[in-house]
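The values are calculated or read from the model by the stated rules, or taken from the named source; none is laboratory data. No experiment lies behind these values; they were computed from the predicted model shown. A quick note on method: Cβ atoms are made from the backbone with ideal geometry, for glycine too, and the neighbour counts reach across all protein chains shown.
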Amino acid sequence: KAGVTQTPRYLIKTRGQQVTLSCSPISGHRSVSWYQQTPGQGLQFLFEYFSETQRNKGNFPGRFSGRQFSNSRSEMNVSTLELGDSALYLCASSVSMNTEAFFGQGTRLTVV
Amino acid sequence: QKEVEQNSGPLSVPEGAIASLNCTYSDRVSQSFFWYRQYSGKSPELIMSIYSNGDKEDGRFTAQLNKASQYVSLLIRDSQPSDSATYLCAVTQAGTALIFGKGTTLSVSS
């Protein structure tokens, strides 16, 4: 059974640009969550989707957005990139909300 | 503000010893508890889940939950150098997202 797939694995962007990250969950998983991980802040919750609806949202500015498609695949978008957005972005999928979550390999975003 | 607290470490133990990792959480109605292991440069890997008070054993790992004290722990028996990693505690309740602690770094010396 394939795991959670995140693309791309690495990304370098310039300040002010926007970026879209993709996450394909484990087959049969309907819940997808996104996290930002930085050395100082640890894993911080961005948002959670279930059945194409955002169910929870973390404390991030509106520049961070996401969506989930009918096949449970999810994308997150960051607009007007700032240097501080440089981080590892992790996607996790689970069968449903509040169940065991499994992480993808992450997308390493560097903003220069 | 829901919080999950972990001692950042590093926790250093010799090979073969028991490593004890601790986690406290602030939200009394939390229902589900998870331990993840994260090697440097890798993504978190789920190693244990626990939902009710008491102990749950899986191989060399034992998770312990005490909801009255809002405390969850992970014991690693016969620690190996390959157990050296950061261990993340995560907590959730119905309708909310997984909230993670900042992790405890474990170092097992041979």
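What strands (runs of 3 or more DSSP E) lie completely within region A:22-112 and have 3 or more residues being within 14 Å of chain B (Cβ to nearest Cβ), in contact with a Gly (Cβ under 7 Å, 6 or more places away or on another chain) and touching a residue at least 24 places away in the same chain (Cβ under 8 Å)?
Output list reads A:42-50, A:87-94.
Taking into account only those residues within region B:50-89 that are within 14 Å of chain A (Cβ to nearest Cβ) and of a type in the set (Phe, Trp, Tyr), which is nearest to B:GLN31 (Cα to Cα)?
Among those that are within 14 Å of chain A (Cβ to nearest Cβ) and of a type in the set (Phe, Trp, Tyr), it is B:TYR51.
Among the residues of region B:19-32, write down those that are away from every other protein chain (no Cβ under 11 Å) and within 14 Å of the chain's Cα centre (by Cα).
Matches in region B:19-32: B:ALA19, B:SER20, B:LEU21, B:ASN22, B:CYS23, B:THR24, B:TYR25.
Determine, yes or no, whether B:ALA68 is part of a loop (DSSP other than H, G, I, E, B) and under 27 Å from A:LEU90 (Cα atoms).
No; evaluated as a whole, the condition is false for this residue.
Applying the selection to region A:69-91, what residues are farther than 21 Å from B:PRO44 by Cβ and more than 11 Å from the chain's Cα centre (by Cα)?
Answer for region A:69-91, where residues must be farther than 21 Å from B:PRO44 by Cβ and more than 11 Å from the chain's Cα centre (by Cα): A:PHE69, A:SER70, A:ASN71, A:SER79, A:THR80, A:LEU81, A:GLU82, A:LEU83, A:GLY84.
Identify the residue in region A:3-23 that is polar (S, T, N, Q) and closer than 22 Å to B:GLY41 by Cβ and, among all such residues, is surrounded by the most Cβ atoms within 10 Å (Cβ to Cβ).
If we take residues in region A:3-23 being polar (S, T, N, Q) and closer than 22 Å to B:GLY41 by Cβ, then A:GLN6 is surrounded by the most Cβ atoms within 10 Å (Cβ to Cβ).
Given B:THR104, B:THR92, which one is closer than 22 Å to A:GLY3 by Cβ, within 14 Å of chain A (Cβ to nearest Cβ) and touching a Ser or Thr at 6+ places or on another chain (Cβ under 8 Å)?
B:THR92
Matching residues to (1) modelled with pLDDT under 95; (2) among the aromatic types (Phe, Trp, Tyr):
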site: A:PHE60; (1), (2): no, yes
site: A:ARG63; (1), (2): no, no
site: A:ASN71; (1), (2): no, no
site: A:MET76; (1), (2): no, no
site: A:TYR89; (1), (2): no, yes
site: A:GLU100; (1), (2): yes, no
site: A:GLY104; (1), (2): no, no
site: A:ARG108; (1), (2): no, no
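Does B:GLY41 meet the test of being modelled with pLDDT under 95 and not in a strand (DSSP E or B)?
Answer is yes for this residue.
Find the residue count for region B:73-110, including only residues that are of a type outside the set (Ser, Thr, Tyr) and assigned to a loop (DSSP other than H, G, I, E, B).
Summing the residues that are of a type outside the set (Ser, Thr, Tyr) and assigned to a loop (DSSP other than H, G, I, E, B) in region B:73-110 gives 11.
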